[in-house]
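Notes follow the structure.
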Amino acid sequence: MNCKELAYLLADYLDGSMDPRIRAELDEHIARCKACMIFAKTYRLTCRKAAELRGDIHYEIPDEVQERLTAFLVSAARKFPGQMDDYRRQAERECEEKVLAFCRAAVEGKLSSMAAIMMDGHIAVCPKCREYFVVLRSAHADLCLPPREILEHVVRLLESLPPGEEFFLV
Amino acid sequence: MPATDRWKEDEGLLERLRKGAPGAVEELLRLYQGKIFSLAMSILKNESDAEEATQDVFMTVIRKVNTFKGNSAFYSWIYRICVNTCLMRLRGRRRGDTVAIEDFMPVFTEEGMHASPVDDWSKEVERKALNEELGKMIRKFTEELSEKYRVVFVLSDIEGLSNEETAKILGMSVPAVKSRLHRARLYLREQLSRYLQEGKAD
């Protein structure tokens, strides 16, 4: 063990994570090397002082900065849930428009072949949707948004289309 | 006070932030604004930069509080956001005003002995009257370190986080943190040594 090795092992030596055999070697070196004894002492003191003087080393946040930040962030945070609501409402609107367009295409026979196959498959197992679309096709009524349950089925149908695939005939 | 105790209030706060409860943001700021500003200052070393960074940090915290997974401590999550925000700001900025840490590493002879006498300044440092001045000097010397070492030193030795926590915040391994921390301490020891020697000569 020499001074150079000791200097580079000092952190492990002081935090107690060192193998006891190497520690014994270091102890032995420090006991007979004044330079290393002082080096280790001042190294340890450096760490201790940095911790002790935490308060002096810290940067105080100036009052006006604190006021500005608080005012800005509190109002930004208040707006944030509002923004979330806006996004959610917009997503809902887009979804409803899509469902409406799907119903129109279904009535007018303008579904893409993929969408038509999936629609037929669904209607075969879902009496409620079958009834709804049969009525819709025969009534020639004004299209409006289907009731919640039907709407959810249509959404699921739309979601199960392959990505990028449109539900209507181009 | 150990870091873990300082942040005990976090759990309830987190819940209230997620719910958007009134006063939650104010509480968050009361607990962390000073800490985050100080950390940003020690990385960015400029008050208006630190203010902007602090603002960005809390905006990110408020926006992402729902995505925060409880697998790390809340404060270490905030610290990580702060360190990332500050390092992003530093990127691309000219880095001129830091010292070369190599100039402050101990020098050894070929036989591995100390090449120059090692001065014992422990007695001077213990003088109470010197404390305030010493705090200023440690801050100044820390500011002169390149951020690679500065951030580790600030988190570990000044903020008092464990090496494991620092490693987690910085996304580094524990040995890498230890090695940087050790070099930063060697540097600071040498700086203090030179500074106190000068004081003696006056």
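The values are calculated or read from the model by the stated rules, or taken from the named source; none is laboratory data. Computed from a predicted model, the values in this text were never measured in an experiment. We place every Cβ from the backbone using ideal geometry, glycine too, and count neighbours over all the protein chains shown.
Under 9 Å between Cβ atoms, which residue pairs at least 6 apart in sequence (or on different chains) link something in segment B:25-37 that is under 13 Å from B:Met59 (Cβ atoms) and within 7 Å of chain A (Cβ to nearest Cβ) with a partner that is assigned to a helix (DSSP H, G or I) and among the charged types (D, E, K, R)?
From segment B:25-37, the pairs are B:Val25/A:Arg78.
Please go through segment A:28-46 and pick out each residue that is within 18 Å of B:Ser156 (Cα to Cα) and out of contact with any Lys or Arg (no Cβ under 6 Å at 6 or more places or on another chain).
A:Arg44, A:Leu45
Do we have any residue at all in segment A:24-39 that's free of Cβ contacts under 8 Å to residues at least 24 places away in the same chain, in contact with an Asp or Glu (Cβ under 8 Å, 6 or more places away or on another chain) and either part of a helix (DSSP H, G or I) or crowded, with 18+ Cβ neighbours inside 10 Å (or both)?
The answer is yes, given that some residue of segment A:24-39 is free of Cβ contacts under 8 Å to residues at least 24 places away in the same chain, in contact with an Asp or Glu (Cβ under 8 Å, 6 or more places away or on another chain) and either part of a helix (DSSP H, G or I) or crowded, with 18+ Cβ neighbours inside 10 Å (or both).
Free of Cβ contacts under 8 Å to residues at least 24 places away in the same chain and either among the hydrophobic types (A, V, I, L, M, F, W, C) or over 12 Å from A:Leu100 (Cα atoms) (or both): is that true of A:Val155 in this structure?
no
Between A:Tyr59, A:Tyr87, which is out of contact with any strand residue (DSSP E or B) (no Cβ under 6 Å at 6 or more places or on another chain), at pLDDT below 90 and under 30 Å from B:Ala129 (Cα atoms)?
Among A:Tyr59, A:Tyr87, only A:Tyr59 is out of contact with any strand residue (DSSP E or B) (no Cβ under 6 Å at 6 or more places or on another chain), at pLDDT below 90 and under 30 Å from B:Ala129 (Cα atoms).
Any residue in segment B:95-113 that's under 25 Å from A:Met1 (Cβ atoms): show its pairings with residues that are at pLDDT 90 or above and among the acidic types (Asp, Glu) at Cβ separation under 6 Å, as long as the two are six or more apart or on different chains.
B:Phe104/B:Glu190
Against the conditions (1) within 14 Å of another protein chain (Cβ to nearest Cβ); (2) under 30 Å from A:Cys144 (Cα atoms), where does A:Lys41 fall short? Just the number, please.
Failing condition for A:Lys41: (2).
In this structure, is B:Lys123 of a type in the set (Lys, Arg), part of a helix (DSSP H, G or I) and within 24 Å of A:Ile38 (Cβ to Cβ)?
yes
Give the number of residues within segment A:88-126 that are in a helix (DSSP H, G or I) and under 36 Å from the mean Cα position of the chain (by Cα).
Total meeting the criteria: 21.
Looking only at segment A:15-22, decide whether some residue is among the hydroxyl-bearing types (Ser, Thr, Tyr) and either in contact with a strand residue (DSSP E or B) (Cβ under 6 Å, 6 or more places away or on another chain) or surrounded by 20 or more Cβ atoms within 10 Å (Cβ to Cβ) (or both).
no
Filter segment B:127-162 for residues that are in contact (Cβ under 8 Å) with a residue 60 or more places away in the chain and either outside any helix (DSSP H, G or I) or aliphatic (A, V, I, L, M) (or both); which is nearest to B:Met88 (Cα to Cα)?
B:Val151
Can you tell me which of (1) farther than 30 Å from A:Ala40 by Cα; (2) within 14 Å of chain A (Cβ to nearest Cβ) is the one B:Lys136 doesn't meet?
Failed condition: (1).
So B:Met41 fits all but one of (1) within 11 Å of chain A (Cβ to nearest Cβ); (2) modelled with pLDDT under 90; what number is the exception?
(2)
Checking the conditions here, which among A:Ala106, A:Ala77, A:Ala116 is surrounded by 16 or more Cβ atoms within 10 Å (Cβ to Cβ), in the same structural domain as A:Val155 (by TED's automatic domain parsing) and without any contact (Cβ under 8 Å) to a residue 24 or more places away in the chain?
Answer to the selection: A:Ala116.
Please go through segment B:104-130 and give me each residue that is under 16 Å from A:Ala50 (Cα atoms) and either within 9 Å of chain A (Cβ to nearest Cβ) or at pLDDT 90 or above (or both), ordered by number.
Of everything in segment B:104-130, those that are under 16 Å from A:Ala50 (Cα atoms) and either within 9 Å of chain A (Cβ to nearest Cβ) or at pLDDT 90 or above (or both) turn out to be B:Trp121, B:Ser122, B:Val125, B:Glu126.
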